[in-house]
Amino acid sequence: FLIDEIKISEKLKNNFNKDILISKGFEKAFVKLMGMLIQSKDLKKTKSIRINEIKSMIETFSIKEEKFINKTYSLNLGVSFNKKKIFTYLNKKNIFPAQIVEKKFLFIPIIINQSNTDLLVFSNNPIYKNWKNENKKKYLIEYILPTEDLEDLNLIKDNYFELENYDFEEIIKKYFLENSIIALFFKDKNQIKVLSKINIKEKKVIKSNSFENVDLNSSKNLEDLIDGLKIIYEDFWKENNLINTSIKLRLLIQVN
């Protein structure tokens, strides 16, 4: 497992120690790897790990860049972890890892205001506008948002009373993606219920989640809502790509 672009920095003081800073980079790389490899419910099981245990699972590391600017020392690390040792560690913690599979998903968020039967789909939809804002976390899912299309908008409005059952196939097929998420946000005062219609190839799953005290005009509330949903979708994707490392299989090889 190669974890790249680990950036760390520290002010240069009398007690500055480069090795300690590199160790902090190892910890940061391990946290990043766990975020890509395991579901969010299992992350707490890996938080108490000691630095020596992390180091024992590292094969190699490289300093890609180092800088001294304004009395601050900065490093850019690449850290390579031994896959077998990582799997052994997770197995001891009773954690099933997932394959690290990055995939593109078409994502269509639709806000349904239940108080006035209004629909927010594209430019006037704060979730659509902010969904792809840069964040610090590394996600396996890359989201493709639909372009603003008047024909699609009218199609969605025409099916307003059947959106929960509508398959959105006419819109989805335009983007030539085998995976998609249609998220219906039912807004009622400060409560939001999200019905997510997830399509992975031929598999169709519906997930329902509720979020309390959400003000879509608050940038903090909006950021928390988006981050929470992305974690839910990441966990679902990892669940579909789990590896059971505890199963032992016999391999018979016949050589002529």
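The values are calculated or read from the model by the stated rules, or taken from the named source; none is laboratory data. Not measured: the values here are computed from a predicted model. Virtual Cβ from ideal backbone geometry, glycine too; neighbours counted across all protein chains shown. Only protein heavy atoms, including side chains, enter the accessible area calculation; ligands, DNA and RNA are left aside. Shrake-Rupley method; radii C 1.70, N 1.55, O 1.52, S 1.80 Å.
Under 16 Å from the 7 Å Cα→Cβ point of Tyr73, by amide nitrogen: which residues of the range 4-41?
Only 7-26 fall inside the zone, counting backbone N under 16 Å.
Over the range 29-160, what percent of the accessible surface lies on carbon and sulfur atoms, probe 1.4 Å?
For the range 29-160, the apolar C and S fraction of the accessible surface comes to 47 percent.
Would you mind working out the magnitude of the charge dipole of the range 139-256 relative to its Cα centre, with +1 at each Lys and Arg C-beta and -1 at each Asp and Glu C-beta, to the nearest 20 Debye?
Taking the Cα centre of the range 139-256 as origin, the dipole is about 740 debye.
Let me know the longest stretch in the chain that avoids all GluC sites (Glu not before Pro) found in a DSSP loop with at most 10 other C-beta atoms within 10 Å.
1-133
In deg cm²/dmol and to the nearest 500, what is the mean residue ellipticity at 222 nm of the chain if only DSSP H runs of at least 4 residues count, each as -39500 (n - 2.57), divided by the residue total?
So the calculated ellipticity at 222 nm is -9000 deg cm²/dmol.
Could you compute the longest span of the chain free of chymotrypsin sites (Phe, Trp or Tyr not before Pro) located in DSSP loops and having at most 12 other Cβ atoms within 10 Å, not counting the site residues?
The longest such stretch corresponds to 17-175.
Between Lys55 and Leu177, how many nm apart are label points set 7 Å from Cα along the C-beta direction?
4.3 nm
With the Cα gyration tensor of the range 162-223 giving a ≥ b ≥ c as the square roots of its eigenvalues, does the rule (a/c under 1.5 for rounded; else a/b larger than b/c for prolate; else oblate) give rounded, prolate or oblate?
Taking the square roots of the gyration eigenvalues as a ≥ b ≥ c, the range 162-223 is prolate.
Which value in Å does the Kirkwood hydrodynamic radius of the chain take, with 1/r averaged over all unlike C-alpha pairs and then inverted?
21.3 Å is the Kirkwood radius here.
Express the accessible area of the range 42-129 per residue in Å², computed with a 1.4 Å probe while the remaining protein chains stay in the model.
Averaged over the residues of the range 42-129, the accessible area is 58 Å².
Put a dot 7 Å past each Cα toward the Cβ at Gln99 and Lys220; how far apart are the dots in nm?
4.2 nm
Between helix 83-92 and the chain, what is the angle of the helix's C-alpha long axis to the longest principal axis, kept within 0 to 90° and rounded to the nearest 10?
Here the helix axis deviates by roughly 80 degrees.
By how many nm would the segment from Lys84 to Lys129 lengthen if fully extended, with 0.36 nm per residue of separation less the alpha-carbon distance?
Stretched out fully, the Lys84 to Lys129 stretch lengthens by 12.1 nm.
Quick one: length gained pulling Lys18 to Asp118 fully straight, 0.36 nm per residue minus the C-alpha distance?
30.3 nm
Write out the trypsin sites (Lys or Arg not before Pro) in the range 201-233 meeting two conditions: DSSP loop, and at most 12 other Cβ atoms within 10 Å of their Cβ.
Listed in order of number, the matching sites are Lys201.
What is the distance in Å between the Cα centroid of the range 1-45 and that of the range 183-227?
31 Å
Taking a probe of 1.4 Å, how large is the accessible area per residue of the range 170-237, in Å²?
53 Å²
Of Asn94, Phe122, Tyr139, whose Cα points farthest to the positive end of the dipole of the chain (charges on the beta-carbon: +1 Lys, Arg; -1 Asp, Glu; origin at the Cα centre)?
It is Asn94, whose Cα lies furthest towards the positive end.
Suppose every K and R has +1 on its Cβ and every D and E has -1 on its Cβ; what is the size of the dipole of the chain about the Cα centre, in Debye to the nearest 20?
For the chain, the charge dipole is close to 1860 debye.
Compute the length gained on full extension between Asp158 and Lys44: take 0.36 nm times their separation in residues and subtract their Cα-Cα distance, giving the result in nm to one decimal.
36.5 nm is the gain from fully extending Asp158 to Lys44.
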